[in-house]
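Take a look at the structure set out below.
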Amino acid sequence: MINFYQSNPQWLKLVGQTIKNLFGGSVAQYLSYQPLFLCSELTNIFQQHIQRLSELEKQVISLLSEQPKSVSLCQLLEKSQLSSPELFQTLLSLERRDLIDKITAEKDILFTVKAIFKHYIKNYTAITNRPNIL
């Protein structure tokens, strides 16, 4: 849970309160439900993060969220309609915002959306009454 919630004390406190209130403090019971439940306070925080993104950042984070595994720069360039400078700048910005992970593989650098944000984008933007955030 610490890794999933990026060691963020506020997020861990919110999920801890949810676990206490709904699951009698049982972390195992909370984790047994898929998709994981994110309380409204947490989804509001994530919504604010997403709303602050530029259109290019939204495009790239959406593209990355759709990928089942981490992707390379080459793959991102092929899948997106962005120029290489646009993509590179956008990836740097998303990394600064701590929304994506950069993974060093053998001879390549791979990118993926942080697990908690990928979970939010996949499971919460479609089930709320709000239009899709991306």
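The values are calculated or read from the model by the stated rules, or taken from the named source; none is laboratory data. Given the structure is predicted, the values throughout are model-derived calculations rather than measurements. Positions of Cβ are generated from backbone atoms using ideal geometry, with glycine treated the same way; all protein chains shown enter the neighbour counts.
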If I ask for residues that are surrounded by 12 or more Cβ atoms within 10 Å (Cβ to Cβ) and closer than 18 Å to N3 by Cβ, which ones from the range 19-34 would you list? I19, V27, Y30, L31
Among the residues of the range 29-66, the number that are under 15 Å from L12 (Cα atoms) and among the aliphatic types (A, V, I, L, M) is 5
Which condition number does N44 fail, the rest of (1) more than 17 Å from the chain's Cα centre (by Cα); (2) surrounded by fewer than 17 Cβ atoms within 10 Å (Cβ to Cβ) being met? (1)
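Quick check on my filter: what residues within the range 46-75 are touching a Phe, Trp or Tyr at 6+ places or on another chain (Cβ under 7 Å) and in a helix (DSSP H, G or I)? I'd like the intermediate steps shown before the answer.
As a first pass, look at the range 46-75 and keep what is touching a Phe, Trp or Tyr at 6+ places or on another chain (Cβ under 7 Å): 46, 64, 70-71.
Matches in the range 46-75: F46, L64.
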Give me the pairs, please: first residue somewhere in the range 71-100 and in contact (Cβ under 8 Å) with a residue 24 or more places away in the chain and assigned by TED's automatic domain parsing to the domain that holds A115, second residue anywhere and part of a helix (DSSP H, G or I) and aromatic (F, W, Y), beta-carbon distance under 6 Å, and either six or more positions apart or on two chains. L99/F117
